[in-house]
Amino acid sequence: MPDLSALPPAPTLLVTVLAFLLGSMVSGVLYSRARGADIRDRDLPGGSGTWRQFGRGAGILVSAGDILKGVVAALLARALVPQGGEPLAALVTGAVVAGHCYPVFFGFRGGGGIAPLLGALLVFTPGVLLALLLTAAVVIPTYKATLQSRLKLNAVPFTTAVAVPVGLLVGALTGGFWPLLAGGAVMAVRAAHLLRGGA
């Protein structure tokens, strides 16, 4: 576990709450409501769900918005608690992903958390993010060409199951293990919730 005892309590609490609130501004819900609907009635409110329901441009816009809130949360944390290091990065990454998955503004029904996780990692630990993206770039086309027709599982969860351990290994060797673990743990809880039929 990262040592949280050295973090200043008040600023740490502030940036963690701000990260959760930023995460709670789910771009897919905001976009779909601007279009007169709520995407959660038909799909998850992330970039891929928005792409399926509203088209490629909407999906890219929503993905960018959700990545951006991870970036902003991480930059705020660095600005307000510059000495926070990896313990603060883990708290803030977990909080922004939790806000996206369980948004306080939208009845705690959100997305899967990938985009805000990518945004936070981009600031806190770009090496781990690069490892995740390179792994995904190899696994997705390989999986689609070989195993997807037999497993009948979407490429995203399969790729996540492969890429996250690779990212954790890179993080353990180079730094950045705890932020990825924190965000990944929240995503795992959300995935289990969705598999059980949760909204």
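The values are calculated or read from the model by the stated rules, or taken from the named source; none is laboratory data. Quick caveat, the model's predicted, so the values are computed rather than measured. Positions of Cβ are backbone-derived with ideal geometry, glycine not excepted, and every protein chain shown enters the neighbour counts. Remember, those area values only see protein heavy atoms, side chains included, never the ligands or the DNA or RNA. Shrake-Rupley method; radii C 1.70, N 1.55, O 1.52, S 1.80 Å.
Values as computed for the structure displayed
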read-out: The stretch 1-45, subset in contact with an Asp or Glu (Cβ under 7 Å, 6 or more places away or on another chain) and of a type outside the set (Val, Ile, Thr), residue farthest from Gly111 (Cα to Cα); value: Pro2
read-out: Residues within the stretch 75-115 that are in a helix (DSSP H, G or I) and on the phi < 0 side of the Ramachandran plot, tallied; value: 27
read-out: Residue, modelled with the highest pLDDT, within the stretch 182-199, restricted to residues that are among the small types (Gly, Ala, Ser), part of a helix (DSSP H, G or I) and out of contact with any helix residue (DSSP H, G or I) (no Cβ under 6 Å at 6 or more places or on another chain); value: Ala185
read-out: Any hit, the stretch 117-125, residues being at pLDDT 95 or above and open to solvent by 40 Å² or more (accessible area, probe 1.4 Å); value: yes
read-out: Any chance Leu7 is more than 18 Å from Pro103 (Cβ to Cβ) and of a type in the set (A, V, I, L, M); value: yes
read-out: Count - residues of the stretch 51-74 that are more than 28 Å from Leu91 (Cβ to Cβ) and either open to solvent by 60 Å² or more (accessible area, probe 1.4 Å) or part of a helix (DSSP H, G or I) (or both); value: 10
read-out: Restricting the stretch 8-42 to residues that are in a loop (DSSP other than H, G, I, E, B) and either open to solvent by 20 Å² or more (accessible area, probe 1.4 Å) or of a type in the set (S, T, N, Q) (or both), the residue that is nearest to Ala182 (Cα to Cα); value: Ser24
